[in-house]
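The values are calculated or read from the model by the stated rules, or taken from the named source; none is laboratory data. Values in this document were obtained by computation on a predicted structure and should not be read as measured data. Backbone-built Cβ (ideal geometry, glycine too); neighbour counts: all protein chains shown. These area figures cover heavy atoms from the full protein model, side chains too; ligands, DNA and RNA do not enter into them. Shrake-Rupley method; radii C 1.70, N 1.55, O 1.52, S 1.80 Å.
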Amino acid sequence: QVQLVESGGGLASAGGSLKLSCVASGRIFSDLHMGWFRQAPGKEREFVAGIWSGGYTYYQNSVRYRFTISKDNTKNALYLQMNSLRPEDTAVYYCAAAVRIPTKGVNDFDYWGQGTQVTVSG
């Protein structure tokens, strides 16, 4: 089992920044493939960014060059630095972990955090 706890959400103005954190426990963190997803009201949960165990990173096109995903294996921590925020980035953001190399689909991730709200005012 893997437990994931997110933090760092909140309210930001358009053009501002927020940094999300996710701390994992219960399994060797460096072996996990990690991702951030988000879900806005009335919409499906969507992939935002991912970092696989080997360090490869992937981004949704709408956040590329604005968001940066990173991890610290010594702290069992995953991060999402979000810059140049837009109102359309408003959503609940979820940290997720996969045991096997995933696609970017929701169903490929085995463990989920409880989510943290990000609200961007225009």
Per 5 angstrom bin, beginning at 0 and ending with the bin that holds the maximum distance, the Cα pairs of segment 9-54 fall in percents of 5, 15, 19, 23, 21, 10, 7, 1
Measure off, as a whole percent, the carbon and sulfur share of the 1.4 Å-probe accessible area of segment 1-113, all protein chains present.
48 percent
With +1 on each Lys and Arg Cβ and -1 on each Asp and Glu Cβ, how big is the dipole of the chain about its Cα centre, in debye rounded to the nearest 20?
160 debye
Given a 1.4 Å probe, how much area per residue of the chain is accessible, in Å²?
51 Å²
How much of LYS75 can a 1.4 Å solvent probe reach, expressed as accessible area in Å² and rounded to 10?
130 Å²
Reduced to Cα centres, the span from segment 1-40 to segment 73-109 in Å works out to 6 Å
q = 0.11, 0.20, 0.24 Å⁻¹, segment 12-122: log10 I(q)/I(0) [Debye, one scatterer per Cα]:
-0.31, -1.03, -1.44
If the convex hull is drawn through the Cα atoms of segment 43-107, its volume per residue in Å³:
101 Å³
Probe 1.4 Å, all chains present, heavy atoms only: VAL5 accessible area in Å², nearest 10, is 90 Å²
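For GLU44, GLU6, write out the residues from largest to smallest accessible area, computed with a 1.4 angstrom probe and no ligands counted.
Putting GLU44, GLU6 in descending order of accessible area: GLU44, GLU6.
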Can you send over the solvent-accessible area of ASP108, 1.4 Å probe, protein chains only, in Å² to the nearest 10?
60 Å²
